[in-house]
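Colleague: Here it is, the structure in full.
The values are calculated or read from the model by the stated rules, or taken from the named source; none is laboratory data. All figures in this text were calculated on a predicted structure; none of them were measured in a lab. Methodologically, a virtual Cβ is constructed for each residue, glycine included, from the backbone with ideal geometry; neighbour enumeration extends over all protein chains shown. Note: accessible area is taken over every heavy atom of the protein model, side chains too, but ligands, DNA and RNA are not part of it. Shrake-Rupley method; radii C 1.70, N 1.55, O 1.52, S 1.80 Å.
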Amino acid sequence: MISPRSLRYPSNTWSLIGHQWSNHDLDPTPPGERKWTAWVFASFWAAHAANASAWTAGSATVALGLTWWQAWLALNVSHVIGTFLIVANGRMAARYHIGFPVCARASWGMWGSYMAVIMRAVICIIWNGVNTFYAGRLVDVCLQCIWPQWANLANSLPDDAGITTRQLVCFIIAWFIFQCLTLVHPRDLKWFYVVKSIIVFVAMHGILGWWMHKNGGVHFEHESVKPVSSTTRAWLWMQAFNAGFGTVSSLTVNQADIARYARKPSDQFWGQILMYPLASALPGLYGILVASASRELFGSPLWNLWDVTQTMLDQYPDNSGARFGVFLAAGSMALALIAVNLATNCLPFGSDVTALWPKYMTIRRGQFISCLLGMAIVPWKILRDGPTFLAFLSGYGYWLAPGAAILCVDYYFIQRGNIIVSELYNGTMGAHYWYTGGWNIRAPIITILSLAPCLPGFASSISSSVNVSLDAKRLNNISFLLTYCIAGIMFYVSYLIWPLSPSMKACIDNKSFEAFADILDLEEREKRIAKLQREESGQSNEKPEDRTSEYVVG
């Protein structure tokens, strides 16, 4: 029988402080594991941005009633703003080499951080399942390319299941491939993202080229069929704008789990500040163009990539070469979804459950569990049509906005970039980030209050049985930015009314921005030099004190 003790994961660096709050995956990333350069970040963001969700967000906006350029502008503006929010929340992790669950302890308190962690973990599970199902639908197209008779597989599931036997089998295949990749630690996948970024861009251009050739370009004649008032068009634009935030919102809180592996802080900044807006602009545009072309050809827009590639395949029932091309296109996009899942759902969930149960969990174990839980949320209900998908994206961003705002305001304006890293692992009463009973009560209260204004409209967007006013629905169309601003302003004002405790204030008063991080960098350089000197003199490479914490500022 396997005992609980045998499942425990050893704690090293922070065992003297209390391993309840730590294990190796929660500890600051050691220099030897900081392998991500600016080019790796650029490749990662190119790979992430060029994904099926960005394509679908673009194509789904065609059904709203906007012109193609209005829809594309809405998505791009939200992505540019979102990129700055992503970079801002990656700064703390890049400077102090810690992931989101540990960063959250500075803002929420030691126990309070669990609320932020659980909120994010729930979202990761849902989005994990959605991406896996989407990949499964593309796997279905791939199997038809190889075995055309696969399309004739009989359905043995009832209609109310919302999924067919064929789709379920393909979902399980995609899930299994994904499950195997979760066994690899994300810090070791940098070349995977470099290769994937190249393959996916080639596939996207191939899909776009086929549709443009098939339709003789795009003429957008349908845009004049249903004229709408300027007020209605403005709110439709805000709906598309808000959906654009949905594709980047997770990254505003997940960025720390990636930025902690940066070789130096500037790598996570320059590697994405330009690449993400540029890379995300193309899939959204391509989705709009293909959806518009498919509307001209077949009467209705094809808003998701499995229908896009399925329609391409249907044009070549007997052409093996064309089928092989469709196979490469669909397979590449399925790979893109799996890669996005690894970085933006499995890695964050793995970090979250590691923080919740550091005695037993690691990032890789958490990734494995995340993949299992992704099967249980019936994601095919979310992807049944374009408006439902847009509602999901909007709600996704809305739910994460308070946490992202609190982290940003606290680091830059309250703590002024000065974090005592050792205290982030100190769960004793009276510790620096203990606040009140382990909770910074501002964070959970402000989170709930900031979510309240858009809650009725959000509920209406996901359930037709909820009837709310037009104004409430419109508030939901700006839910991410509104909730982010409310949470950030309220958090800052709360410190004007109830300032930092005298001990915390005294710690950071008269300190320059990120002075503590500069001290840690200096100590790290000195230890590196001392180690080189010992090696040159033939002494031992490691002293006993080197095995204890390097991250103490006091």
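Colleague: From the residues Trp45, Ser22, Ile198, which one has its Cα farthest along the dipole of the chain in the positive direction, the dipole being from +1 and -1 charges on Cβ of Lys/Arg and Asp/Glu about the Cα centre?
Modeller: Result: Ser22.
Colleague: With the crude spin-label approximation of a point 7 Å out along Cα→Cβ, what separation in nm comes out for Asp159 versus Val195?
Modeller: Result: 4.6 nm between the two label points.
Colleague: Follow-up question, since we're still on this one. Once the dipole of the stretch 44-174 is set up with Lys and Arg at +1 and Asp and Glu at -1 on Cβ about the Cα centre, which of Gly90, Gln149, Ile173 lies farthest towards its positive end?
Modeller: Gly90
Colleague: Then there's this: Would you check the chain for Lys pairs whose C-alpha atoms are within less than 23 Å, ignoring same-chain pairs closer than 8 in sequence, and give me the count?
Modeller: Counting lysine pairs in the chain gives 13.
Colleague: What residue among Ser332, Ala256, Ser320 has its Cα farthest toward the positive end of the dipole of the stretch 249-359, where the charges are +1 on Lys, Arg and -1 on Asp, Glu, each on the Cβ?
Modeller: The residue sitting farthest along the positive end of the dipole is Ala256.
Colleague: While we're on this one: From the Cα gyration tensor of the stretch 209-320, with a ≥ b ≥ c the square roots of its eigenvalues, which class applies: rounded if a/c is under 1.5, or else prolate if a/b is larger than b/c, or else oblate?
Modeller: In terms of gyration-tensor shape, oblate.
Colleague: Please give the contour-minus-distance gain from Tyr316 to Ile118: 0.36 nm per residue of separation, less the Cα-Cα distance, rounded to one decimal in nm.
Modeller: On the way: separation 198, 0.36 × 198 = 71.28 nm, distance 4.75 nm.
The span from Tyr316 to Ile118 would gain 66.5 nm if fully extended.
Colleague: So, how do all the Cα-to-Cα distances of the stretch 255-346 break down into 5 Å bins, in percent, from 0 on up?
Modeller: 3, 11, 14, 17, 18, 12, 9, 8, 5, 3, 0
Colleague: Calculate, for the stretch 90-218, the solvent-accessible area per residue in square angstrom, rolling a 1.4 angstrom probe over the heavy atoms of the protein chains.
Modeller: 37
Colleague: Rank these residues by their accessible area, most exposed first, probe 1.4 Å: Thr309, Thr164.
Modeller: Largest to smallest exposure gives the sequence Thr164, Thr309.
Colleague: Over the chain, what percent of the accessible surface lies on carbon and sulfur atoms, probe 1.4 Å? Display every interim value, and only then the final one.
Modeller: Numbers: 14920 of 22660 Å².
Here it works out to 66 percent.
Colleague: Here's a follow-up. Using 0.36 nm per residue of separation minus the Cα-Cα distance, give me the extension gain between Thr67 and Trp498 in nm, one decimal. Mind showing how you got there, number by number?
Modeller: Numbers: separation 431, 0.36 × 431 = 155.16 nm, distance 4.83 nm.
Answer, rounded to one decimal: 150.3 nm.
Colleague: Work out how far the C-alpha atoms of the stretch 97-216 reach from end to end along every principal axis, then list the three figures in whole Å, largest first.
Modeller: Principal-axis extents of the stretch 97-216 (Cα, largest first): 57, 39, 30 Å.
Colleague: Any idea what angle helix 320-341 forms with the longest principal axis of the chain, computed on alpha-carbon atoms, 0 to 90 degrees, nearest 10?
Modeller: Tilt relative to the chain: about 30 degrees.
Colleague: No solvent, one uniform scatterer per C-alpha: report log10 I(q)/I(0) for the stretch 399-440 via the Debye equation at q = 0.13, 0.21, 0.24, 0.27 1/Å, two decimals.
Modeller: -0.33, -0.79, -0.92, -1.00
Colleague: Let me ask you something else. Helix 363-373: angle to the longest alpha-carbon principal axis of the chain, degrees 0 to 90, nearest 10?
Modeller: Tilt relative to the chain: about 30 degrees.
Colleague: Send over a whole-number figure in Å² for the accessible area per residue of the stretch 282-379, probe 1.4 Å.
Modeller: Averaged over the residues of the stretch 282-379, the accessible area is 32 Å².
Colleague: Please give me the summed charge of the neighbours of Trp211: other residues whose Cβ is under 14 Å from its Cβ, Lys and Arg +1, Asp and Glu -1. Walk me through the numbers on the way to the answer.
Modeller: Numbers: positive: Lys214, Arg295; negative: Glu296, Asp307, Asp314.
With Lys, Arg at +1 and Asp, Glu at -1, the net is -1.
Colleague: In addition: Summarise the long-distance tail of P(r) for the stretch 414-545 by giving the % of C-alpha pairs beyond 26 Å.
Modeller: Across the stretch 414-545, Cα pairs with separations above 26 Å total 52 percent.
Colleague: If Lys and Arg each add +1 and Asp and Glu each add -1, what is the summed charge of the other residues whose beta carbon sits under 10 Å from the beta carbon of Ser107?
Modeller: Net charge in that neighbourhood comes out at +1.
Colleague: Kindly provide the helix-only [θ] at 222 nm of the chain, computed as the sum of -39,500 (n - 2.57) over DSSP H runs of four or more divided by all residues, to the nearest 500 deg cm²/dmol?
Modeller: Working: 21 runs with 347 residues, N = 554.
The helix-only estimate for the chain comes to -21000 deg cm²/dmol at 222 nm.
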